[in-house]
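Student: One structure is given below, represented as structure tokens, and several questions about it will come after.
Read the figures in this text as sums done on the coordinates, not as results from a lab. Computed from a predicted model, the values in this text were never measured in an experiment. Heads up, the Cβs are rebuilt from the backbone with ideal geometry, glycines too, and the neighbour counts pull from every protein chain shown.
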């Protein structure tokens, strides 16, 4: 292991491992030596890779726990109109925290894809975007935005499950300004399907104003 390597911070993902490998190669200043890798370096590499795998597994488990929290409550604004004051404050905080954690985790593209596979985007769309609590609605829109940005696969999935019309509806008519802003942000993140989005927006406005 290179001198001073013990002070190097261990990487938390595969990109970090690869970056350290490149840096180590560049530090040699020449072609790799012909002798086999030392046992010390093998042990360090095994530990780094194990840490990466453990971290990724932990993140998937975190997402599953967050989805379990969101599944506990399926009340929507239409089902619970006028009952906002009666909602349990602790449960509301749990749902909002779960959405915030998911949004942070899904800044990682692999996690965004995993959330899609776990059915998290569908759950967010069906139970959170129309929730009676505005804090849940805007955090749900934020989560969809986090997953959609720079991820064509996720963008296509969101279009397939009709997320766009619901986001547009929030942008147009939600009484809370934060919800409207976050919904618009989520729409803008689907940039890979710009033409489809523009056509959908046009059709939505067309039908809304009642033109033939």
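Student: If we count other beta carbons within 10 Å of each Cβ, what is the order of 180, 137, 65, fewest first? Intermediate values should be presented prior to the final figure.
Tutor: Working: 180 18, 137 25, 65 11.
Going from sparsest to densest Cβ surroundings: 65, 180, 137.
Student: Then there is this: Ranking 114, 172 by Cβ neighbours within 10 Å, fewest first, what do you get? Could you put the intermediate results ahead of the total?
Tutor: On the way: 114 18, 172 13.
Sorted ascending by nearby Cβ count, the order is 172, 114.
Student: Ok, one more. Which order do the peptides 93-103, 153-163 come out in when sorted by mean C-beta neighbours inside 10 angstrom, highest first?
Tutor: Final packing ranking: 93-103, 153-163.
Student: I need 207, 134 ordered by Cβ neighbour count within 10 Å, fewest first. Kindly include the intermediate steps, with their values, before the conclusion.
Tutor: On the way: 207 9, 134 16.
Least to most surrounded, the residues fall as 207, 134.
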